[in-house]
Each structure stands twice: as C-alpha cells, then as structure tokens.
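In what follows, a single structure is set out as structure tokens and then discussed.
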Amino acid sequence: MAESAATSTATTLPVRDIPGDYGIPFASAIRDRLDFYYFQGQDKFFQTRVDKYHSTVVRLNVPPGPFMANDPRVIAVLDANSFPILFDVSKVEKKDVFTGTYMPSTSLTGGYRVCSYLDPSEPNHAKVKQLLFNILASRKDAVIPAFRTNFTALFETMESQVTAAGKSDFNKLNDNTSFDFLGEAYFGVRPSSTALGSTGPTKSTKWLFLQLCPLMTLGLPKILEELLLHTFPLPPLIAKCDYKALYKYFSSVAGSALDSAEKLGLKRDEACHNLLFATVFNSYGGMKVLLPGILGWLAKADKSLHVRLAKEIRSAVLFEGGKVTLNAVEKMDLTRSVVYEALRMDPPVKYQYGKAKQDLVIESHDAAFKVKKGEMLFGYQPFATRDPKVFDDADRFIGDRFLGDEGKKLIKYVVWSNGPETESPTVSNKQCPGKDFVVLVGRLLVVEFFLRYDTFTADVGTVLLGSQVTVTSLTKAAASSSD
Ligand code: HEM
C-alpha cells in the first residue's frame, strides 16, 4: 500500500504531545462510558474532546471499559489525514482488535479465532482470506440473479403492507431477505429452504448480539444496560443451539468450498466456522446496516435525486435489452456516487483499532504526534469521512458528490472497507474482502428500487447500530423497463 501522510516518519508539521488524559483508572473509564452512551452520545463525545484540546488526535477512554475490556485507553485519530494509519499493517497490529478493546469469547466461533481477528502476519489469515476471495469470484454471476429474486419478493411484500397498513418496516423485511440472498449468492441454497426454515435471521441476530452488545444501547434503564450489556460478557451458552443450527446449514451447503479450503491447508471445521462468520457476522451484519442506511438517505434526499436516478438506471437497463447486467450497473455513475455518499455519511462499521507495532509519528492536518510501540490507536470513522478539510458541506448528503473529475478525486477518502475505495483487499492487508460485493449490492438495491418506483417517502429513525426505515408511500413506475 502507498505510504500515506499519516504513516511517514519525517514530518514538516510541528510535533505536539498528544493531548487528552485518561483520568482516574476505572472510575473515569466508567464515567466516559456513560458519557459515550447516555449523556453525550458518540458524536458529541468525540467532538467535545476535539474542541477541548484543539486537536483531532487525542487520548481518551473508549467503551465498553471495565470489566469487559482490560484497557480502555486509546489514541483517537479523528480526521481524514491521521485515520489511514489504521490501514498500514506494517505499522499497526490487527490481532484481536476487530471489535475493539474487548474480544468476544472464541466459544462463539467454534473455539477458533476467525479471520477478522487475525493479523496478516498469522499464517491462517492469508488462507482464510484467499478462500473468501475464491468463493466470491466463483459466485460472481450468481449475485445479480439472487439479488433480483429475493428483493423482488421483498418489494412485493412492502407494497402490500403499504397498501394495507400505510407503512412497511424495511429493516424487518431486509433482515429476512438479506439472509436468504446471501445464502443463495454464496452457496446456491436459500437458508429458508433448509431445516433452518425462517429461523436463520433470528438465530443470527441473537448470536451477533452476544458479540456486539458491549457497543450497544437498547433504551432500557441505564443501570440494567450497564450491568447486563456493558460490564460482563453474556454467557455464550445463550446462543449455543442457535449457532449449532447455523453451523449445520453451512456444513451442508458449503461442501465444495470446504473441499477447496482443505486444499488451501485449512482444517475443514475451522474453514466452516470462518464461512459462518464471514456470511453471518461480516456480510449479514453489514447488510442489516448498509441497506437501510442507503434507503434512509434516499428518503431524506430531494425528490429530484429520485428522478435523476430513475432516469439513469432505466436508460442503462434499456440499453442492455431490458436486463440488469453488471455492465449496465457499471455505467450508472450517479447510482455509484449515491452509494459512496451513503457509505461516507454513515460508514456501517464506525470504529477501527490497531496497536502500534513500533514507535510512530502520525500526522493530522496541522500537527504531528509521537506514538509509542504498543499504544492502541482508535479511529471513529465518521470523523474521517465527514472531515470538513476534505469535503465541502461535509455533513450534508450530496448524491452526486463523487461525479466528475473533482468528485473522482474524493473517492479515495471513502474508507468504509478499512482502506481507501481506490485500493483493493489482498491476503496481506486487512481491507474488507467483500469490498466490491458490498458496493455492488448497495447499487443493486438502488437499481431495483428505481426500476420499480418513481419516488417514495419514509420515516427514518435510529436503531441499535444503524438507521430504521419505515416506508410510508411508494409511487410505482408507470411501466416497468426491466425484464
Ligand atoms: C473486514 C466492513 C461486508 C468479510 C472488514 C473491516 C471492515 C469491514 C471495516 C475491517 C475491520 C478491521 O479490521 O478493523 C464491512 C462492511 C460490510 C462488509 C461495512 C457490509 C456493509 C463484508 C462481506 C464479507 C466481509 C460481504 C464477505 C466476504 C470480511 C472479512 C474481514 C472484513 C473476512 C476481515 C479481513 C481481514 O482479516 O483481512 N469489513 N464489511 N465483509 N470483512 Fe467486511
């Protein structure tokens, strides 16, 4: 990877001590956790510290803190210039930092540390990541048809719900549909057509919850949430049966992928636990946040954006003889820009971590900072992708932001995949192997939506780690221009 400004050792900027302090051990970490979740909320939590110290690189405690995490102390990088230090695996170690300063029990993943928790220096990292690249490449042609069948059914249900009740909960429909779509796209078998029936999404959500609840609030009384979610890990036993049922699905449908895993030198069961994690945690967890996020931004956008998208999408599809092909989707520049903009405004995975492998100098826009080997670096991604020094009107959703020559120059600052959008995941970096798949699926949602509808309205709120979208009206396209 090209050396970024954040990772160069020689600097022309004034060197500053990293401001901020961790306060009194234990007590301040709990106080900071309460600020983060309840008294300030995450954006204000970081902004008040940036303002107080006049610096976008600051020392602070991150949640969950005691007793869930051994050490909540981090150096936060909160601008577009310093954030890329987290992508440089020659400088930061990515071992066991996927969820941050705590790590869920490996009994939730068959006793294995799965790919997301491995540093590229660990031999199994390359093997598992290669396996995922192979599966995604071999199933490339299955993605569009699987998306179309599953999401056409979703839209039909959504329409009947809007007609009958005046509203439709997109998140709920998306949970079921995305789960089936992923199974069909990756392995050719819809989970709902197996012994799992319609229970896959609920079982998965329970398993995901056990791993992510230290980072969530549910709106329950604070004291209850603090004790149940943020202080001690919930017992993995709670999801044991659910995990077993999910595992059974994967071992039954992923036979040929598991054969190829063995050829790559992986144990069959380790590969299967990894496939489950990549599909259910990485992919399904991602879709649960990504797709409502995109639809939410579209709902809040000006109607003229809907008109422009419908025009672009329908003419590209018409040009391909009425078929939604990869070729057609690649030609839809506005659609791609809208998806990038949604990923910029609300990166679905907001926190990234990495431990300094050596003494480092990191640079914000206006100062350089010395970091000691072993210190934990933490990035709150929305502050990098909404950096006003890079993006004009940075807090505003602008659908066509990435169009034209000037727009293209900004694409490298879209980093939702744990790397610049202009770079690619490899077996030796930690960039998301689903990068191209995700941007394709995001675009397919917009494509299918505007082939079917001219415009729509929705209520957009927040839920757990993302947006809650309740569709309230749909204006159907006069005549469908797709097959
Ligand atoms: C890694 C985001 C979908 C598989 C990552 C990381 C991020 C991310 C931020 C880096 C985490 C870190 O190390 O700090 C997302 C988002 C997704 C998504 C937002 C969807 C909206 C997928 C899909 C796959 C996938 C579809 C399927 C293959 C993985 C794996 C890693 C990873 C295996 C670990 C990579 C490595 O160890 O080198 N993803 N991802 N993700 N993602 Fe994704």
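The values are calculated or read from the model by the stated rules, or taken from the named source; none is laboratory data. For clarity, every value in this text was computed on a predicted model and none was experimentally measured. Neighbour counts are summed over all protein chains in view; Cβ atoms, including those assigned to glycine, are modelled from backbone coordinates with ideal geometry. The protein model used for the area step is the full one, side chains on, heavy atoms only, and it has no ligands, DNA or RNA in it. Shrake-Rupley method; radii C 1.70, N 1.55, O 1.52, S 1.80 Å.
When you filter the trypsin sites (Lys or Arg not before Pro) in the range 214-313 for DSSP loop state and at most 15 other Cβ atoms inside 10 Å of their Cβ, you are left with Lys267. Taking 10 °C and 1.306 mPa s as conditions, the range 167-263 diffuses translationally at an estimated 103 µm²/s according to Stokes-Einstein applied to its Kirkwood radius (Cα pairs). For the range 395-454, what class follows from the C-alpha gyration tensor (a ≥ b ≥ c being the square roots of its eigenvalues): rounded when a/c is under 1.5, otherwise prolate if a/b is larger than b/c, else oblate? Oblate. Accessible-area rank, largest first, for Val427, Val471: Val427, Val471, with all protein chains present and a 1.4 angstrom probe. Protein heavy-atom surface of the chain, 1.4 angstrom probe: 56% of the accessible area is carbon and sulfur, with nucleic acids and ligands not counted. When only Cα pairs under 8 Å and 6 or more residues apart are kept, what is the percent relative contact order across the chain? With pairs under 8 Å counted, the relative contact order is 23 percent. Here the dipole of the chain is about 660 debye; that uses its Cα centre as origin and unit charges on the Cβ of Lys and Arg (positive) and Asp and Glu (negative).
Shown is the FRET efficiency for Val427 and Arg268, computed with R0 = 22 Å from the Cβ-Cβ distance and rounded to the nearest 0.05: 0.65. In this structure Met103 has an accessible area near 70 Å², from a 1.4 Å probe over the protein heavy atoms. Measuring with a 1.4 angstrom probe and ignoring ligands and nucleic acids, Trp416 comes out at about 30 Å² accessible. Would you mind estimating how fast the chain diffuses translationally, via Stokes-Einstein at 25 °C and 0.890 mPa s with the Kirkwood radius over Cα pairs, in µm²/s? Reported coefficient: 105 µm²/s.
When shorter helices are ignored and each DSSP H run of at least 4 residues is given -39500 (n - 2.57), the per-residue value for the chain at 222 nm works out to -13500 deg cm²/dmol.
Dimensions of the range 34-126 along the principal axes, based on C-alpha atoms and rounded to the nearest Å, stand at 43, 30, 17, largest first. Per residue, what accessible area does the range 5-476 have, given a 1.4 Å probe and all protein chains present, in Å²? Here the residues of the range 5-476 average 41 Å² of exposed surface. Ordering Ala126, Phe378, Leu309 by Cα displacement along the dipole of the range 5-476 toward the positive end leaves Ala126 in first place; charges were set at the Cβ atoms of Lys, Arg (+1) and Asp, Glu (-1).
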